[in-house]
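The values are calculated or read from the model by the stated rules, or taken from the named source; none is laboratory data. Everything numeric here is computed off the predicted structure, so don't read it as measured data. Quick reminder, even Gly has a Cβ in these numbers, built from the backbone with ideal geometry, and neighbours come from all protein chains shown. Areas reflect the complete protein model, heavy atoms only, side chains present, ligands, DNA and RNA absent. Shrake-Rupley method; radii C 1.70, N 1.55, O 1.52, S 1.80 Å.
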Amino acid sequence: MYGVIGQVSRVLGPVVHARGVKNARMLELVEVGEHRLIGEIMRLSGDNIIIQVYEDTTGVAPGAPVYGSGMPLSVELGPGLIGSIYDGVQRPLEEIRKLTGQFIPRGVQAASLQRDVAWPFSPCVEAGERVSPGQVIGTVPETARILHRILVPPGVSGTVRSVVKEGTYPVESVVCVVRTPAGDEKLTLIQRWPVRRARPIASRMHSTIPLITGQRVIDTLFPIPKGGTVAVPGGFGTGKTMVEHQVAKWSDADVVVYIGCGERGNEMTDVLNDFPKLVDPRTNRPLMERTVLIANTSNMPVAAREASIYTGITIAEYYRDQGYHVAVMADSTSRWAEALRELSGRMEEMPAEEGFPAYLATRLAEFYERAGLVETLSGETGSVTIVGAVSPPGGDFSEPVTQHTKRFIRAFWALDRDLANARHYPAISWLDSYSEYTEDLSGWWKQNGDPEWGDLRNEILELLQREARLQQVVKLVGADVLPDSQRLILEVCTLFKNTFLQQSAFDRIDMYATVQKQVKMLRIIVTFYRLGMKAIQEGATLIKLRRLKVIPDIARMKFRISNDEIEKLDAIQERLEREMRRLGEIYASF
Amino acid sequence: MPVSEQRLLDSREYQGIQQVLGPLIMVENIHNVGYNELVEIRCPDGSERLGMVIEANEGAAVVQVFEGTSGLSLPDTAVCFRGAPLRLSVSREMLGRVFDGLGRPIDGGPVPIAEDRWDVNGQPVNPTARQYPTRFIQTGISAIDGMNTLVRGQKLPVFSGSGLPHNKVTAQIVRQAKIVGEDVSFAIVFAAMGVKHDVARYFIRNFEETGVLENVVLFLSLADAPSVVRLITPRTALTMAEYLAFRENMHVLVILTDMTNYCEALREVSTVRGEIPSRKSYPGYLYSDLASLYERAGLVADSTGSITQVPILTMPNDDISHPVPDLTGYITEGQIVLERELFQRGIYPPIAGLPSLSRLMKDGIGPGMTRDDHAHIASQLFAAYARVKDVRALASVIGEEELTPLDHHYLKFGEAFERDFLSQRDDEDRSIEQTLDLGWKVVSILPREELHRVSEEEISKFYGK
């Protein structure tokens, strides 16, 4: 299917010009030169084309042939995706390692889904049945927790002519033949889909179910729904990757697609080491059994980095279409934007802000709009949630990528340099972050967490705001001059920051907090404030409150009380109320 | 690494060039010239220079000349395209020798016999073939070992400013670095880009004095060398390092100094080519370009060697948000930041407490590696020192007398932390136990209740001891 369509006329790093081209299509997949480096057509003009090449172009000379494929850059979708690690254009890195060892040379090719593995397939349609796009024709148990549903590809509908019996089949064997008006369509376990086009859905839905991440600052203060979009901006060293890792590990998504886009090689190695060992608290299965990794590290070709985001989101949409809740971690979208800038510069396009192309905002919008809770073509419910890291230069949020991203996301977890410097992790700032989804989700939290959730949350957020203002006063005159009622606010906020907002990613007990643990901890701290304020108004002093016997237990509850002994938190709550009551009685007697 | 299957065309030679533009030359009427190809340029005076194709067009090419273009004339210059990218001859014999940025000996000795020839641009390591670095390197410097632990295979840059003792700190790291309980010494690959002769001499003398010179390979392109050669120097050095680490299975420590000069050379070439500038006129691909250097570190499966990188860069105007330190920090696994204020107060090493960071620390410390309390005491030191900064700011407004007794404790702690924990002599090699004990000693100035980040057991074991 690959015929010569033209000759290279100019080589400028990853951007290659070719001339004498006939029959080329925009965004068509091509191969360049004798190494058959893969690339994509980015511009057509007369018989000249511009190609972005996904590999190092060293040695490519003018006159080299360009081969056309007649199809756009696509990914292979089918069983075997889960647990795999791919580069930005879906080449399987494990397989490549078997072929070429430690390094990735140019022009190496391997099938994205292994051809020689046979999968147990059970059909669920019969001959003569009418099928339409998105309908399930059979299932494959891909991992112990993911039942892979084989779907009729978009655009195919008709009557089942034949279907294979239950048994094991390699991915390329035909399992079902559908008679369509355009002729017979042979369906295998694999389908292909162009990465730059969103997969079709029946309709979008309003999401009111939170994506529970087990991270207290996220779930309680800045929650996101299944199908939501959130950006995580932060300068270097503020812990973006740690936040992404924590969400990838502990969120209650069915499938996680982790895109390491232009980041460190060792971070991907960390994921590869960690995920098979870590066990999901909900299913007791290794996390790797729900994870797909896309690794296009910073030293891998820049054009493939640009494609990696699309490869990842397309795989996510495919699992969504099977009725799963999928979370996409994109680390980092800034590196993707920079790849866009680099390619745009080499194509000599007119730059907009800071050298980024004018279409940066459009591309970001297209990407984030592929998230959402949807009704799939077959009537199931599935979702794609996007958690996109942003790496603003110099930690300055006014730069174009952060600013444009903010227009297309609805939750913002801003990472703060000062918090990170004090090793307060996750360094999510409670003053700069927001979530527009809180209203939508409070119903769920009231029902499944605490009926008073909204009030508790608002109360603590307001205290944090007041504390920030008080701190300005403290910076000028010291804390001593404040009345006890205001110092109580400082005290409560310090307690809240140390025991609730800070969460260790390495402590066995603290790394993941269930909904129940979160709401109970929140209630304890708010109760401390409410009753403490009452006691102070009745004449108690802050010193007395600090010396309550229950305080050290509150301070250490996150490390001491594991998720399956929640009743101990109730005991702390009762003790707090009791000790406060006793304190009140002492002062009432005056 | 397999020898690149680069087609080996016969060299093609052309007389005359069409244009000279700063460090670039344009050659026309040529055929079949590939991107990134090595070019030999014969000058009118008979001397030879090397260059690289940075843009290949039909019948024309743009060549970047490493040794500069002074003295070239249009009709009398000959160019010869070599049909392959620049390759470095590598062998174990190169240890103990001094080379220029392109890998040619400049110590008067013979050209070493090559075991192999490796493409200086390297190839990306397959992420699945990487091994996660976890072996603690003891540098004997408390600020690093205790709070910003270096591990084998890490890339940990030193962010400095002009006039700060980054060379002294780096030399101390080189002298003292060892793996506790292992009798393996590091081979050192040292690349100098645009630094002064004094700096190179300082390092060479240091290597001599410690008797490691026969384990060092030096690649020097100093301040008086043409700027473009700085672009290739780190690549030849890292190719050497990869050979020693992944072929000869040695543990290699790579020192790259000064990365700011490298980036400036990159900007120079980019500007001459008329590329669209990004921040501070650095090219938009600065991040990718730096990554292609810094990512050439680490451990890979199937070889027992490793590459640990310590790049040095000076932050223009001490500004950590300048593109060079900023993008570096986004790629490397942490940073050691030197602080002018500490330096002015006579504290050596002036390693800034808060902005310094080692990302790989968590996996290199703790039970079985350093000591069980390491992570907690380090975190406690960071938290307490952050508070010290707040208290000092407050004290400068309201005066020290007005501070609460607790704040006074913090001031005392801050003073002790800087004088006793951070400070040490440049020949003082502290063991990790000494460092951690010192940490506990200074933390014990604070009241017990203030220590939130350490466990009660640790407090009873170490507090005030």
Matching residues, segment A:487-505, being touching a helix residue (DSSP H, G or I) at 6+ places or on another chain (Cβ under 6 Å) and not aliphatic (A, V, I, L, M)
A:R487, A:C493, A:F496, A:T499, A:F500, A:Q503
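Return the total of residues in segment A:556-590 being hydroxyl-bearing (S, T, Y) and farther than 21 Å from A:K497 by Cα. Quick ask: steps written out before the conclusion?
Step one: filter segment A:556-590 for residues hydroxyl-bearing (S, T, Y), giving A:562, A:587, A:589.
Right, trim to farther than 21 Å from A:K497 by Cα and you get A:587, A:589.
Qualifying residue count, segment A:556-590: 2.
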Here are some conditions: (1) touching a Ser or Thr at 6+ places or on another chain (Cβ under 8 Å); (2) open to solvent by less than 10 Å² (accessible area, probe 1.4 Å); (3) touching a residue at least 40 places away in the same chain (Cβ under 8 Å). A:L360 meets all but one. Which one does it not meet?
(1)
Using the structure shown, decide if A:T159 is touching a Cys at 6+ places or on another chain (Cβ under 7 Å), open to solvent by 10 Å² or more (accessible area, probe 1.4 Å) and either at pLDDT 95 or above or acidic (D, E) (or both).
no
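Could you look through segment B:294-342, keep only residues that are hydroxyl-bearing (S, T, Y) and buried (at least 24 other Cβ atoms within 10 Å of the Cβ), and pick out the one that is farthest from B:M361 (Cα to Cα)? Before the answer, list the steps.
Here is the first cut: in segment B:294-342, the ones hydroxyl-bearing (S, T, Y) are B:294, B:303-304, B:306, B:308, B:314, B:321, B:328, B:330, B:332.
From what's left, buried (at least 24 other Cβ atoms within 10 Å of the Cβ): B:294, B:306, B:308, B:314, B:328, B:330, B:332.
Working: B:Y294: 18, B:S306: 17, B:T308: 14, B:T314: 24, B:T328: 18, B:Y330: 17, B:T332: 13 Å.
My answer is B:T314.
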Given segment B:243-360, what helices (runs of 4 or more DSSP H) lie entirely inside it while holding 1 or more residues that are within 12 Å of chain A (Cβ to nearest Cβ)?
B:259-272, B:286-294, B:323-331
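Results for (1) assigned to a loop (DSSP other than H, G, I, E, B); (2) in contact with a strand residue (DSSP E or B) (Cβ under 8 Å, 6 or more places away or on another chain); (3) open to solvent by less than 20 Å² (accessible area, probe 1.4 Å); (4) farther than 30 Å from A:V108 by Cα, shown as yes or no for each residue.
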| position | (1), (2), (3), (4) |
| --- | --- |
| B:I41 | no, yes, yes, yes |
| B:A56 | no, yes, yes, no |
| B:E67 | yes, yes, no, yes |
| B:L72 | yes, yes, no, yes |
| B:F99 | no, yes, yes, yes |
Report yes if some residue within segment B:373-394 is in contact (Cβ under 8 Å) with a residue 40 or more places away in the chain, out of contact with any Phe, Trp or Tyr (no Cβ under 9 Å at 6 or more places or on another chain) and open to solvent by 50 Å² or more (accessible area, probe 1.4 Å); otherwise report no.
yes
Out of all the residues in segment A:259-276, which are among the aliphatic types (A, V, I, L, M) and more than 12 Å from chain B (Cβ to nearest Cβ)?
A:I259
Read through the list (1) away from chain A (no Cβ under 12 Å); (2) within 28 Å of B:L342 (Cα to Cα); (3) not aromatic (F, W, Y), then give the number of the only condition that B:I179 fails.
(2)
Return yes or no: is A:T297 buried (at least 24 other Cβ atoms within 10 Å of the Cβ), modelled with pLDDT of 95 or more and over 17 Å from A:T385 (Cβ atoms)?
no
B:L86 vs. criteria at pLDDT below 95, within 27 Å of the chain's Cα centre (by Cα) and open to solvent by less than 40 Å² (accessible area, probe 1.4 Å)
yes
Looking only at segment A:322-355, and only at residues there that are open to solvent by 10 Å² or more (accessible area, probe 1.4 Å) and touching a Pro at 6+ places or on another chain (Cβ under 6 Å), the one that is farthest from the other protein chains (Cβ to nearest Cβ):
A:E353
Collect the residues in segment B:3-21 that are open to solvent by less than 80 Å² (accessible area, probe 1.4 Å), out of contact with any His (no Cβ under 9 Å at 6 or more places or on another chain) and either within 14 Å of chain A (Cβ to nearest Cβ) or at pLDDT below 90 (or both), keeping them in residue-number order.
B:S4, B:Q6, B:R7, B:L9, B:S11
Quick one: which strands (runs of 3 or more DSSP E) lie wholly within segment A:12-89 and hold at least 1 residues that are surrounded by fewer than 24 Cβ atoms within 10 Å (Cβ to Cβ), more than 14 Å from every other protein chain (Cβ to nearest Cβ) and in contact (Cβ under 8 Å) with a residue 24 or more places away in the chain?
A:28-32, A:37-45, A:65-72, A:74-77
Does B:G103 fit the bill of being assigned by TED's automatic domain parsing to the domain that holds B:L360, modelled with pLDDT of 90 or more, crowded, with 22+ Cβ neighbours inside 10 Å and farther than 25 Å from B:R235 by Cα?
no
List, please: which pairs have Cβ atoms under 6 Å, are six or more places apart or on different chains, and start with a residue in segment B:116-131 that is more than 7 Å from chain A (Cβ to nearest Cβ) and end with one that is of a type in the set (V, I, T) and open to solvent by less than 30 Å² (accessible area, probe 1.4 Å)?
B:D116/B:V90; B:W118/B:V90; B:W118/B:T239; B:V120/B:T236; B:V120/B:T239
Selection from segment B:101-129 of residues in a strand (DSSP E or B) and over 22 Å from the mean Cα position of the chain (by Cα) yields B:P105, B:D116, B:R117
Quick one: which residue in A:V279, A:V256, A:V247, A:V230 is surrounded by fewer than 20 Cβ atoms within 10 Å (Cβ to Cβ) and either within 16 Å of A:A144 (Cβ to Cβ) or more than 13 Å from every other protein chain (Cβ to nearest Cβ) (or both)?
A:V279
Looking at (1) within 14 Å of chain B (Cβ to nearest Cβ); (2) within 31 Å of the chain's Cα centre (by Cα), which is the one condition that is false for A:Q516?
(1)
Mind checking which pairs have a first residue in segment B:141-157 that is crowded, with 24+ Cβ neighbours inside 10 Å and a second that is among the acidic types (D, E), Cβ under 6 Å, 6 or more apart or different chains?
B:Q154/B:E333; B:K155/B:E333
Looking only at segment B:388-429, filter to residues that are under 22 Å from B:Q176 (Cα atoms) and not in a helix (DSSP H, G or I); which one of those is nearest to the other protein chains (Cβ to nearest Cβ)?
B:S423
Number of positions in segment B:198-217 that are among the aromatic types (F, W, Y) and over 20 Å from the mean Cα position of the chain (by Cα):
0
Quick count over segment A:117-137, residues being touching a Pro at 6+ places or on another chain (Cβ under 8 Å) and in a strand (DSSP E or B), is 4
Across segment A:90-104, what is the total count of residues that are over 21 Å from the mean Cα position of the chain (by Cα) and more than 14 Å from chain B (Cβ to nearest Cβ)?
0
Within segment A:484-513, track down each residue that is within 14 Å of chain B (Cβ to nearest Cβ) and either in a loop (DSSP other than H, G, I, E, B) or more than 23 Å from A:A422 (Cβ to Cβ) (or both).
A:Q502, A:Q503, A:S504, A:A505, A:F506, A:D507, A:R508, A:I509, A:D510, A:M511
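If you go through segment A:94-117, how many residues are at positive phi and in contact (Cβ under 8 Å) with a residue 24 or more places away in the chain? Steps first, please.
Initially, segment A:94-117 is screened for residues at positive phi, giving A:101, A:107.
Then keep just the ones that are in contact (Cβ under 8 Å) with a residue 24 or more places away in the chain; that gives A:107.
Qualifying residue count, segment A:94-117: 1.
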